[in-house]
There are 2 protein chains.
Amino acid sequence: MEHIQVMGVQGLPLIHAGDNIAAMICERVPVWDNDILCIASTIYSKARGYTKLLSAITPSERAVRLGNLNGEDPRFVQAVLDASTDIIMEHPFILSELAFGHIGVRAGVDQSNIEDGMVIFLPPDPMKAADEVRAEIRSIAGVDIGVIITDTCGRSFRRGQTGNAIGWSGFPAIRDFRGDTDLFGHVLKITEEAVVDEIAGFANFVMGESNNGVPAVVFRNCPKWTGHDSLYFTNNEDITKRVLKKEWGQ
Amino acid sequence: MEHIQVMGVQGLPLIHAGDNIAAMICERVPVWDNDILCIASTIYSKARGYTKLLSAITPSERAVRLGNLNGEDPRFVQAVLDASTDIIMEHPFILSELAFGHIGVRAGVDQSNIEDGMVIFLPPDPMKAADEVRAEIRSIAGVDIGVIITDTCGRSFRRGQTGNAIGWSGFPAIRDFRGDTDLFGHVLKITEEAVVDEIAGFANFVMGESNNGVPAVVFRNCPKWTGHDSLYFTNNEDITKRVLKKEWGQ
């Protein structure tokens with residue numbers, strides 16, 4: 001078996017609206033069939049213009065109240081509210097759900113790695129974003145790869161952020177072991193592994209968070225898997241969401 | 001910059017109490033200075049004998065009650081209670097805290113990949129476990145590596161399990177960006193990245209969960225980082241733990 005190789009895409013410039021990030025990546029690394037390309041959601045959103053000037057945002061009454069409560073710019077809070085379909089927790093930070101199912105702190109709205117006075121939104125449809133990048137790579141380089149759009153998120157119980165997948169194309173999110181047996185022939189009870197998040201997490205490690213400018217990572221020779229795309233819990237299944245919403249009276 | 005390489009350790013036999021897993025790994029893969037070796041907690045626990053026969057366990061009243069409630073063998077439930085220092089949630093599954101700070105489903109007690117009628121516990125001191133394996137590799141192969149002991153855990157909001165770090169040696173758990181600036185010179189707000197969990201997650205992907213028998217993974221040419229080891233929230237910081245405990249009246 002060939003070793004897995006993981007390559008940060010070095011030398012990408014600052015991304016601006018209209019940039020073709022697929023082409024910029026293909027100019028810098030050779031991309032092969034079956035590679036997996038992880039892209040930070042920030043560069044996709046900047047290239048597609050999912051950004052806003054804070055000065056163009058008028059905060060609502062709720063945004064002013066939550067801005068005071070959490071010590072944040074009410075215009076930034078308004079951007080978070082605009083990006084959210086369901087507010088799960090208001091304080092000490094806003095935790096909310098987005099239309100595509102992801103639950104994240106401040107709806108993933110970011111003020112880092114962008115010009116002063118601007119915010120970056122998560123792509124509104126990250127599955128489509130991953131499909132698009134994959135199709136562009138196919139058209140530029142003639143290869144069929146997998147794509148993951150990554151975001152950085154906190155978690156319960158453990159300090160620190162990790163990379164998560166918010167969009168993917170070319171494989172299912174979850175590796176499903178249902179029906180598989182263990183080393184002793186027992187049918188496995190724990191049957192679902194969130195493979196796209198495990199790959200996105202390692203990509204995030206390779207990217208770094210600050211100013212080293214490696215917002216894309218290529219994985220080669222990864223094992224294949226089969227499964228399904230139901231990465232997000234339904235309301236009924238999501239115990240943490242239910243008790244958090246109850247606690248904050250939402 | 002050299003590419004990162006990731007190598008599953010192929011061909012390890014079933015592990016038994018008394019086995020020297022460090023030596024068994026070194027016989028199968030070349031390990032170099034600065035490599036990171038991820039080891040599934042199950043093989044460490046089996047080698048060190050952190051296992052128990054279900055028939056040797058007498059369930060308490062509480063274990064019988066929770067076994068009935070959750071449809072589980074009361075002796076298995078007793079093993080989970082024995083491994084826990086704090087029960088956070090009793091139903092639909094036990095979520096509990098272990099002495100070393102980790103919060104996990106069923107306290108990480110496992111009935112997979114072990115003989116019928118037995119359970120595997122997480123190592124009681126996984127930091128010491130990582131130190132031990134690292135020292136053994138140094139003594140066998142004369143190289144200084146990093147070691148991560150991994151476990152597989154569910155999470156809030158997202159379906160599927162991912163690999164997490166429960167013990168580590170040779171580097172800090174958290175990459176700390178405090179004081180760093182972003183591409184535009186802003187001081188970063190989000191300053192802590194749980195690097196050991198991101199590496200453990202990808203190792204878990206390479207390991208697989210079922211019967212392919214790759215319980216150890218070697219990473220080469222990873223970037224270095226600095227930071228700290230406070231991977232677990234304090235009670236005061238842990239919002240999810242607090243509301244879950246309140247909901248279940250603990």
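Rounded to whole numbers, the Karplus 3J(HN,Hα) couplings from phi for region B:215-230 are x, 9, 9, 10, 10, 10, 6, 6, x, 8, 8, 10, x, 9, 10, 7 Hz, using 6.51 cos²θ - 1.76 cosθ + 1.60 with θ = phi - 60°, and x at Gly and Pro.
Multiplying the residue separation of A:Arg178 and A:Asp125 by 0.36 nm and removing their Cα-Cα distance gives an extension gain of 16.2 nm. Interface of B with A. Using a 1.4 Å probe and counting protein heavy atoms only, the two chains hide about 7300 Å² of accessible surface, both sides summed. Exposure check, 1.4 Å probe, all protein chains in place: A:Met207 carries approximately 10 Å² of accessible surface.
Shown here: chain B, whose C-alpha atoms stretch 58, 48, 27 Å along the first, second and third principal axes, sorted largest to smallest. Residues considered: B:Asp35, B:Asp73, B:Asp131. Largest GNM mean-square fluctuation over chain B, using C-alpha springs under 10 Å, is found at B:Asp73.
Summarising the label geometry, the points placed 7 Å from Cα in the beta-carbon direction at B:Asp116 and B:Ser230 lie 5.0 nm from one another. Taking only protein heavy atoms and a 1.4 Å probe, the accessible area of the protein assembly as shown is 50% carbon and sulfur.
Each copy carries a label point for A:Gln10 at 7 Å from Cα toward Cβ; from one copy, the others' points are 3.0 nm away, ordered from shortest. Across region B:12-159, the volume of the C-alpha convex hull divided among the residues equals 123 Å³ per residue.
Suppose we look only past 17 Å in the calculated P(r) of region B:92-169. What percent of the Cα-Cα pairs does that tail hold? All intermediate terms of the calculation are to be shown ahead of the outcome.
On the way: 1629 of 3003 pairs.
Across region B:92-169, Cα pairs with separations above 17 Å total 54 percent.
Our estimate of slack between B:Asn20 and B:Ser60, defined as 0.36 nm per intervening residue step minus the Cα-Cα distance, is 10.9 nm. Rounded to the nearest 0.05, the FRET efficiency derived from the C-beta distance between A:Ile140 and A:Glu247 at R0 = 51 Å is 0.55. Phi angles of region B:6-15 translate, via the Karplus equation with coefficients 6.51, -1.76, 1.60 and θ = phi - 60°, into HN-Hα couplings of 10, 10, x, 7, 7, x, 5, x, 4, 8 Hz per residue; Gly and Pro are given as x. The relative contact order of region A:51-121 comes to 29 percent, based on Cα pairs under 8 Å that sit 6 or more residues apart. Calculated accessible area for region A:2-145 comes out at 42 Å² per residue, all protein chains present (probe 1.4 Å; ligands, DNA, RNA ignored).
With a simple spin-label model that places each label point 7 Å from the Cα along the Cα-to-Cβ direction, the separation between A:Glu2 and A:Asn70 comes to 4.5 nm. Each copy carries a label point for B:Ser139 at 7 Å from Cα toward Cβ; from one copy, the others' points are 6.1 nm away, ordered from shortest. If R0 equals 22 Å, the separation of the Cβ atoms of B:Glu237 and A:His91 corresponds to a calculated FRET efficiency of about 0.95.
The values are calculated or read from the model by the stated rules, or taken from the named source; none is laboratory data. Source: prediction; values computed, not measured. Cβ: placed from backbone, ideal geometry, glycine included. Neighbour counts: every protein chain shown. Please note that ligands, DNA and RNA were not included when accessible areas were found on the heavy atoms of the full protein model with its side chains. Shrake-Rupley method; radii C 1.70, N 1.55, O 1.52, S 1.80 Å.
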